[in-house]
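The values are calculated or read from the model by the stated rules, or taken from the named source; none is laboratory data. No experiment lies behind these values; they were computed from the predicted model shown. Note that each Cβ is placed from the backbone with ideal geometry, even for glycine, and that neighbours are counted across all protein chains shown. Surface areas here come from the heavy atoms of the whole protein model, side chains and all, with no ligands, DNA or RNA. Shrake-Rupley method; radii C 1.70, N 1.55, O 1.52, S 1.80 Å.
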Amino acid sequence: MHFYKRWNNITGWAVFAVAAMVYLMTMEPVSSLWDCSEFIATSYKLEVGHPPGAPLFMMLARLATLFAFGNPDYVGIAVNAMNSLASAFCILFLFWTITHLARRLVTRDGAQLTAANTWAVLGAGAVGALAYTFTDTFWFSAVEGEVYAFSSFCTALVFWLILKWENRADQPGADRYLVLIAYIIGVSIAVHLLNLLCIPAIVLVIYYRKFRN
């Protein structure tokens, strides 16, 4: 198990590095000609964008614009880079989600996690995460100043957290993961409503973990 955990972390961060490098190298130099320009401009001045406003995204993007060091020419790059990194973290949590589910699959019915199974699980995670990295829609959102990239990151984080809870549900203090999940879902509404789609999946995980019969 120690071998699996170590290589699961190493491979996950390697996948993250690939995604981050690809997105940072291909991100928009300034902004796309749609809502992105509005989001970048309103976040730079902390103004109100179109409804519902995405206030959390505006505040985080404002923090990112501080790395432009007062030069408006680099404001768009800073916001785009924030989204690129958020998308890379989304890929990281997707990798860990896939490996968690794959490990549960190969160790069902009391089977042991062998070295061959470990590499198969890690390979499945890498293939799945990298395949999603280069999908057209996600890549398109990852390289521009829109809310979808950060919302995808919040969604991936929430689902990964429910799997962490599922591993520790019988341990003292495990319910702190549920509190954190509720908090992240709450604040992510101030980015986009996508995260609400995780709630049915979370309920099913809790139900089947607590009520096995």
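Could you tell me the accessible area of Trp13 in Å² (1.4 Å probe, neighbours in place), rounded to the nearest ten?
It works out to around 120 Å².
Please find, in a Gaussian network model of the chain (springs between Cα atoms separated by less than 10 Å), the residue of Cys198, Cys90, Cys154 whose mean-square fluctuation is greatest.
Greatest mean-square fluctuation among the candidates belongs to Cys198.
Per the 1.4 Å probe, what fraction of the accessible area of the range 108-213, in percent, lies on carbon and sulfur atoms?
66
With charges only on Cβ, +1 for K and R and -1 for D and E, what is the dipole size of the chain about its Cα centre, in debye, rounded to 20?
Dipole magnitude for the chain comes out near 1120 debye.
Taking a cut-off of 17 Å between Cα atoms, list the aspartates and glutamates near Lys5, but don't count ones fewer than 8 places away on the same chain.
Within the straight-line cut-off, Lys5 pairs with Glu166.
Give, in nm to one decimal, the length gained when the segment between Phe140 and Leu194 is fully stretched (0.36 nm per residue of separation minus the Cα-Cα distance).
Length difference between fully extended and current span is 17.7 nm.
Dividing the Cα convex hull volume of the chain by residue count, how many Å³ per residue is that?
Residue-normalised Cα hull volume stands at 132 Å³.
Choose one answer from Val22, Val203, Val187: the residue with the largest mean-square fluctuation in a GNM of the chain with alpha-carbon springs under 10 Å.
Checking each option, the largest mean-square fluctuation is seen for Val203.
Build a GNM of the chain with springs between Cα atoms under 10 Å: which of Tyr132, Tyr183, Tyr148 gets the top mean-square fluctuation?
Tyr183
Could you size up the charge dipole of the range 125-213 around its Cα centre, putting +1 on the beta carbon of Lys and Arg and -1 on that of Asp and Glu, and report it in debye to the nearest 20?
480
Quick one: Cα centre-to-centre distance for the range 54-107 and the range 123-155, in angstrom?
First find each Cα centre; the distance between them is then 10 Å.
Go through the range 160-213 and name the trypsin sites (Lys or Arg not before Pro) that are in a DSSP coil and have 14 or fewer other Cβ atoms within 10 Å of their Cβ.
Hits after loop and neighbour filter: Arg212.
Which distance in nm do the two modelled labels at Ala201 and Ala182 give, with both placed 7 Å along the Cα-to-Cβ direction?
Using points 7 Å along Cα→Cβ, the separation is 2.1 nm.
Run the helix sum for the chain: -39,500 (n - 2.57) per DSSP H stretch of 4+ residues, divided by residue count, reported at 222 nm to the nearest 500 deg cm²/dmol.
After summing the helix terms and dividing by the residues of the chain, the value is -24000 deg cm²/dmol.
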